[in-house]
1. Rounded, prolate or oblate for segment 51-118? Axes are the square roots of the Cα gyration tensor eigenvalues, ordered a ≥ b ≥ c, and the cut-off for rounded is a/c under 1.5.
2. Roughly how many nanometres apart are two label points built 7 Å out from the Cα toward the Cβ at R209 and W11?
3. Taking amide hydrogens as modeled 1.01 Å from N in the peptide plane, which residues meet the under 5 Å criterion relative to E169, leaving out close sequence neighbours?
Amino acid sequence: MAKEAYPYLLWCGLAAALLALAALWWTPAWGLVAVVGLVAAFVAYFFRDPERQIPPGSDIVVSPADGRITRLAPVTPGDPASPWLVSIFLSPLDVHINRAPIAGVIRDVLHRPGQFKSALREDAALINEQFIVVLEGTHITVTLKQIAGLIARRCVLWKGVGDQVACGERIGLIKFSSRTDLIVPAEVELQVRQGQRVKGGATVIGRIRPLD
């Protein structure tokens, strides 16, 4: 479980304790204790952080998040050299840990304040609260965007500029429903399709074509 869950669980525990004391004089409070318990269980479930088997290979790009691919398109339509955009929507039931899609060094991090519109909107990457991370690998450089959604109010990034990360390594999370965008160069041969469900660190998004 991610450490970001602890404050929420602490508040749930305090609320449950106070309600249990109140129930000594007001029996219906036990029902509220049960409600708080359900909230705590959801928080623990939401912030779960399962281990993942990272696929082998230095030529792979793995999914940076769990969820469903809602958009798979060239950034510049009609340009054969255009990078590819892979948008992954995370529902409140998905694991919300973000992982590094390739091994490399974080060259730039930009926090862009913004709105909290639905992450399913195509323009969410332009107007919503987000972190933009540029990750340089041995062969390619990719851009990862943590985009807040309608419910999500905070993107959390655990890494900074200059940090070295392994492929599939945990780098942050987004609280509640949200979106993760991945921009990869044209030399990556995509191996996923729009509408497909993916797992962070485990699903291969694409493979880097060998250099001529």
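1. Taking the square roots of the gyration eigenvalues as a ≥ b ≥ c, segment 51-118 is rounded.
2. Output for this residue pair reads 5.0 nm.
3. Residues meeting the amide H criterion: A100.
Only the coordinates and a few stated rules stand behind these numbers; no lab work does. Nothing here was measured: the structure is a model prediction, and the numbers come from that model. Cβ atoms come from the backbone with ideal geometry, glycine included; neighbour counts cover every protein chain shown.
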